[in-house]
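A.B. asks: Structure below; questions to follow.
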Number of protein chains: 2
Amino acid sequence: MRQRDPNKTTVTIRDVAKTSGFSASTVSIVLNNAPLARYIPPQTKARIQKAAKTLGYHPNVFAKSLRSKRNHTVGVMVFDITDPYCTPILRGIENALYQASYLPILADAHNERGRFERYLEMLLERRIEGLIVLANWLYLDINLLADIERGKIPTVIIGRELESDAISSVIVDDEAGAYSGLSHLYGLGHRKIAFVRGPKALASSKARWRGIQRFAKDTGLELDPRRIVDLPDQRNPNVGVDDGFRMTEELLKRKRPFTALMAYDDMTAFGTLRALAKAGIKVPDHCSVVGFDDINPSQLFVPALTTVRQPMEAMGAAAVVIANDAITATAENRTVGAIHRKLAAELVIRESTRAVP
Amino acid sequence: MRQRDPNKTTVTIRDVAKTSGFSASTVSIVLNNAPLARYIPPQTKARIQKAAKTLGYHPNVFAKSLRSKRNHTVGVMVFDITDPYCTPILRGIENALYQASYLPILADAHNERGRFERYLEMLLERRIEGLIVLANWLYLDINLLADIERGKIPTVIIGRELESDAISSVIVDDEAGAYSGLSHLYGLGHRKIAFVRGPKALASSKARWRGIQRFAKDTGLELDPRRIVDLPDQRNPNVGVDDGFRMTEELLKRKRPFTALMAYDDMTAFGTLRALAKAGIKVPDHCSVVGFDDINPSQLFVPALTTVRQPMEAMGAAAVVIANDAITATAENRTVGAIHRKLAAELVIRESTRAVP
DNA sequence: TTGTTTTATTGAAACGATTCGCTATAATAT
DNA sequence: ATATTATAGCGAATCGTTTCAATAAAACAA
């Protein structure tokens, strides 16, 4: 005969029932403040609550989820947590989830497809209620997301807008951001401006360049191809610096003088700063530099980097709002279409830019 | 009469049982390769496995955990994910957990006590199998951990060694690290060395200073109190830079010349670099600077920072190993004492230090 | 032949919570 | 006095899985 372990460690709802003198049903109703709780007199509630507290009762989420199919958990998949771009977004996600009483399960794909798939599997098994994908600097292909669609799990992707319209997205307005960055340099009197463009395969590269071109057209600024270089396609956030360094040296070698340089992103800009320092070119005295992103180190640098700031915490929070809405919609059996948010970037003027002498 | 939803979406073990023609018990035994599976003929196994695959059966983890009390989940509590010191450790944790097929639930206390407690509660409810606490730059009091002890959840704390011997820890050898950093400067000929010490309340501050003192004693180096300043106690990782800046200015004001400066950590060192630049003092030409930690931006800086590197990924991995051992021990009803690991720091020589002229 | 062991499979009882439907009393209306 | 309704509480089924105990057929031994 199977019998309860007498010296068991977990306290169940039945224990609370026993010590409070009521049934498990009543305890459940009271503790969850279910609709039926309106009939339960206050003193009964008090007795039950006291019993629960003194016993140190914690409802078992597994038992709970087994019935309710809800577990207040969302998956957060990043592609490389090492990337400083990730951190503030993660903070934004975490904070918003906390407000909504969700807990994040963290998965880091290390930019490996296999790992991404394995994690996706694990998250699906765990019946996450929503999924937030942080597609930092990634070449993500779409088929991976078929799985997600199949499972009907509300999904939001940050940093990339997918062609498929089944998945929500939060991105920054790269085009307007680049426009404002260049506008800043132009306003300072710069006309000979060099560009280190992003990898061609990245959507954000294209968008940012569109902003540059639009500004050039609007003002008649000339974009000299000899002052333009491209970052190679195969990158990794931390070699971005090296690439920026190399590309800037390439630019210097071309002997086309420039008084300002716009880098694809802050990491690239750091490489640029290094190359310029090596060449004895002072920033901002001899050359202004503008980055993009405003990752944490940018403000620490000497000189502090002027850059176009992505509202990363806000992006994380926005993703959670979208996910949360979709989750409650699903719970209430409503359907809701994919939502696409594009947040504004903000120019942050620091020490790496100054008026042309 | 309650009846099954005919167009339900989840496929259960009973569905597999039905289509394969065996009972749920058998299916369970086969799919988990339980001990009893040794009696099951291969062709039965094959039939069941095929059925499971074609139906797309994923066992429900909640039902599973409800019985087995295991859920392959550990809580990871950080005190401020924004701190660049966190990221590599998190990576180390994540990676090691992945190897062991665990999934991390991320909690960020934002350095608020209330938030820490709330998260602890949530994690406990979720019946995490282990807890890893990342006590970066925190003033953590012990009572918080009473809860953990009560629940008998294997816990490892990174970055801090607790007096209580019930909780394992992973720390870096701060003393030896500081010793080697100073030794490096000394070897370059520096004798007039300034120090920006860490906040007094931090254990690592004390340990690092012990290393300094030991080196001074070993070599007869004089530690002039007028070249020593202390960081204030109330800090936050990102104002660490400002504090470093202020303290260095204070040092400069004192008119006691120095040819090298050791900062409590890299963040502080960034502040120092800024202050020195402002004063027109070139690094490393006129003054060498050494940091501690080797956070990501340190290598990006111009000049790249010479620093004492904490093996952060390894620390995260070590914490997981300890936690994992404790978890399996608990599962097998063995008891295992707290383990304390102290990892070696490693001097990383970059561009911010050079021999005294 | 009968008895024992091995092989193959299953029913039923948990795990811990929620919830529907039922009962029983008290309060109110007719 | 009886019918009706609001108030309180409980029993039992259910969620999807694992696992123990039981059964039954086959294989083997005596």
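A.B. asks: Before anything else, pin down the relative contact order of the range B:164-268: Cα pairs under 8 Å, at least 6 apart, normalised by residue count, whole percent.
C.D. replies: Details: 129 pairs, mean separation 38.4, N = 105.
It rounds to 37 percent for the range B:164-268.
A.B. asks: I'd like the GluC sites (Glu not before Pro) in the range B:161-198 restricted to DSSP loop residues with at most 12 other Cβ atoms within 10 Å, sorted by number. Intermediate results must be reported in sequence, preceding the final value.
C.D. replies: On the way: sites: B:E161, B:E163, B:E175; in loops: B:E161, B:E163.
Within the range B:161-198, the qualifying GluC sites (Glu not before Pro) (loop, at most 12 other Cβ atoms within 10 Å) are B:E163.
A.B. asks: How about the range B:285-343: which trypsin sites (Lys or Arg not before Pro) there lie in a loop by DSSP and see at most 11 other Cβ atoms within 10 Å? Show your work: numbers first, answer last.
C.D. replies: Working: sites: B:R309, B:R334, B:R341, B:K342; in loops: B:R334.
When the trypsin sites (Lys or Arg not before Pro) of the range B:285-343 are filtered for loop state and at most 11 Cβ neighbours within 10 Å, B:R334 remain.
A.B. asks: Net charge near A:A107: determine it from the other residues with C-beta under 13 Å of the C-beta of A:A107, scoring Lys and Arg +1 and Asp and Glu -1. Intermediate results must be reported in sequence, preceding the final value.
C.D. replies: Working: positive: A:R115, A:R118, A:R126, B:R91; negative: A:D80, A:D108, A:E112, A:E117, A:E121, A:E125, B:E94.
Here the charged neighbours net out to -3.
A.B. asks: Turning to a different aspect of this structure: Which distance in nm do the two modelled labels at B:V11 and A:T219 give, with both placed 7 Å along the Cα-to-Cβ direction?
C.D. replies: 6.0
A.B. asks: Inside 10 Å of the C-beta atoms of A:121-127, what's the mean count of C-beta atoms belonging to other chains? Walk me through the intermediate numbers first.
C.D. replies: Values: counts 1, 6, 1, 1, 7, 9, 5.
Other-chain Cβ atoms within 10 Å of each residue's Cβ, averaged: 4.
A.B. asks: Can you check what the net charge comes to around B:R256, using other residues whose Cβ is under 13 Å from the Cβ of B:R256 (Lys, Arg +1; Asp, Glu -1)? Walk me through the numbers before you get to the answer.
C.D. replies: On the way: positive: B:R191, B:K192, B:R226, B:R227, B:K253, B:R254, B:K255; negative: B:E222, B:D224, B:E250.
So the surrounding residues net to +4.
A.B. asks: Over the range A:13-59, what is the relative contact order in whole percent, taking alpha-carbon pairs under 8 Å and six or more residues apart? Intermediate results must be reported in sequence, preceding the final value.
C.D. replies: Working: 35 pairs, mean separation 20.1, N = 47.
Reported relative contact order: 43 percent.
A.B. asks: Return the distance in nm (one decimal) between the two label points of a simple spin-label model at A:R113 and A:E163, each offset 7 Å from Cα along Cα→Cβ.
C.D. replies: So the label points at A:R113 and A:E163 sit 1.6 nm apart.
A.B. asks: Work out the charge dipole of the protein assembly as shown with +1 on the Cβ of Lys and Arg and -1 on the Cβ of Asp and Glu about the Cα centre, then indicate which of B:P357, B:V321, B:H110 is farthest towards its positive end.
C.D. replies: Projecting each Cα onto the dipole axis, the largest value belongs to B:V321.
A.B. asks: Pull out the extension gain between A:L36 and A:A304, defined as 0.36 nm times the separation in residues minus the alpha carbon to alpha carbon distance; nm, one decimal. Show your work: numbers first, answer last.
C.D. replies: Values: separation 268, 0.36 × 268 = 96.48 nm, distance 6.04 nm.
Net length gain for the segment: 90.4 nm.
A.B. asks: Label the range B:13-59 by shape, choosing from rounded, prolate and oblate, from the square roots a ≥ b ≥ c of the eigenvalues of the Cα gyration tensor; if a/c is under 1.5 it is rounded, and otherwise prolate applies when a/b is larger than b/c, oblate when it is not.
C.D. replies: Values: a/c = 1.70, a/b = 1.50, b/c = 1.13.
Prolate, since a/c reaches 1.5 and a/b exceeds b/c.
A.B. asks: Dipole of chain B, Cα-centred, from +1 at each Lys and Arg C-beta and -1 at each Asp and Glu C-beta, to the nearest 20 debye?
C.D. replies: Rounded to the nearest 20 debye, it is 1100 debye.
A.B. asks: Whole-Å semi-axes of the protein assembly as shown's equivalent ellipsoid, largest first, each the root of 5 times a Cα gyration tensor eigenvalue? Let's see the in-between values first.
C.D. replies: Working: eigenvalues 495, 234, 100 Å².
Working through the eigenvalues yields semi-axes of 50, 34, 22 Å.
A.B. asks: Stretch B:D285-B:V356 to full length: gain in nm at 0.36 nm per residue minus the Cα-Cα span? The partial results should precede the final answer.
C.D. replies: Details: separation 71, 0.36 × 71 = 25.56 nm, distance 0.83 nm.
Full extension of this stretch gives 24.7 nm more.
A.B. asks: So, one more: Chains B and A: buried accessible surface, both sides, probe 1.4 Å, rounded to 100 Å²? Intermediate values should be presented prior to the final figure.
C.D. replies: Values: alone 19000 and 18970 Å², together 32360 Å².
Interface between B and A: roughly 5600 Å².
A.B. asks: Counting pairs of alpha carbon atoms under 8 Å apart in space and at least six apart in sequence, what relative contact order in percent does chain B give? The partial results should precede the final answer.
C.D. replies: On the way: 617 pairs, mean separation 61.0, N = 357.
Once divided by the residue count of chain B, the mean separation gives 17 percent.
A.B. asks: If one computes the Cα centroid of the range B:12-34 and of the range B:246-293, what distance in Å separates the two points?
C.D. replies: Result: 68 Å between the Cα centres.
A.B. asks: Assigning unit charges at the beta carbon (Lys, Arg +1; Asp, Glu -1) and nothing else, what dipole magnitude in debye, to the nearest 20, does the range A:13-59 show about its Cα centre? Kindly include the intermediate steps, with their values, before the conclusion.
C.D. replies: Numbers: 7 positive and 1 negative charges, 20 e Å.
Dipole about the Cα centre, nearest 20: 100 debye.
A.B. asks: With unit charges on the beta carbons (Lys and Arg positive, Asp and Glu negative) and the dipole taken about the Cα centre of chain B, which residue among B:A166, B:L252, B:S180 sits farthest to the positive side?
C.D. replies: Towards the positive end, the residue furthest out is B:A166.
A.B. asks: Other chains' Cβ within 10 Å of A:110-117 residues: what's the mean? Write down the numbers at each step before the final one.
C.D. replies: Details: counts 4, 0, 0, 0, 0, 2, 0, 0.
Counting other chains' Cβ atoms within 10 Å and averaging over A:110-117 gives 1.
A.B. asks: When Lys and Arg each count +1 and Asp and Glu each count -1, what net charge do the other residues less than 9 Å away from A:H340, Cβ to Cβ, add up to?
C.D. replies: Numbers: positive: A:R341, A:K342; negative: A:E161, A:D165.
Neighbourhood net charge equals 0.
A.B. asks: Grab the DSSP H runs of chain A that are 4 residues or longer, score each as -39,500 (n - 2.57), total them, divide by all residues and round the 222 nm result to the nearest 500 deg cm²/dmol.
C.D. replies: Details: 13 runs with 154 residues, N = 357.
Calculated at 222 nm, the ellipticity per residue is -13500 deg cm²/dmol.
A.B. asks: Residue by residue through A:65-78, how many Cβ atoms from other chains fall within 10 Å of the Cβ on average? Write out the running numbers ahead of the final one.
C.D. replies: Values: counts 7, 7, 1, 1, 3, 0, 3, 3, 4, 0, 1, 1, 0, 1.
So the per-residue partner count for this stretch is 2.
A.B. asks: Okay, moving on. Over the alpha carbons of chain B, what is the largest minus smallest coordinate on each principal axis, giving the biggest first in Å?
C.D. replies: 88, 38, 38
A.B. asks: Regarding the range A:280-357, what is the average projected area of its C-alpha convex hull, in nm²?
C.D. replies: Values: hull surface 26.0 nm².
One quarter of the hull surface, i.e. the mean projection, equals 6.5 nm².
A.B. asks: Another question, if that's okay. What do you get for Rg/Rh of the range B:174-311 when both radii come from the Cα atoms and Rh is the Kirkwood radius?
C.D. replies: Values: Rg = 13.3 Å, Rh = 14.5 Å.
When Rh is taken as the Kirkwood radius, the ratio is 0.92.
A.B. asks: Also, quick follow-up: Take each complete run of DSSP H in chain B, measure how far its Cα atoms stretch along the helix's own axis, and keep only those covering 24 Å or more with mean Kyte-Doolittle hydropathy at least -1.0; list them. Write out the running numbers ahead of the final one.
C.D. replies: Details: long enough: B:203-219 (25 Å, -1.13); B:312-331 (28 Å, 1.17).
Span-like helices here: B:312-331.
A.B. asks: Ignoring ligands, DNA and RNA, what percent of the 1.4 Å accessible area of the range A:35-87 is carbon and sulfur? Walk me through the intermediate numbers first.
C.D. replies: Numbers: 1720 of 2830 Å².
For the range A:35-87, the apolar C and S fraction of the accessible surface comes to 61 percent.
The values are calculated or read from the model by the stated rules, or taken from the named source; none is laboratory data. Quick caveat, the model's predicted, so the values are computed rather than measured. Don't worry about glycine lacking a Cβ; one is built from the backbone with ideal geometry, like all the others, and counts go over all protein chains shown. For the accessible areas, the whole protein counts, side chains as well, though only heavy atoms, and no ligand, DNA or RNA atoms are used. Shrake-Rupley method; radii C 1.70, N 1.55, O 1.52, S 1.80 Å.
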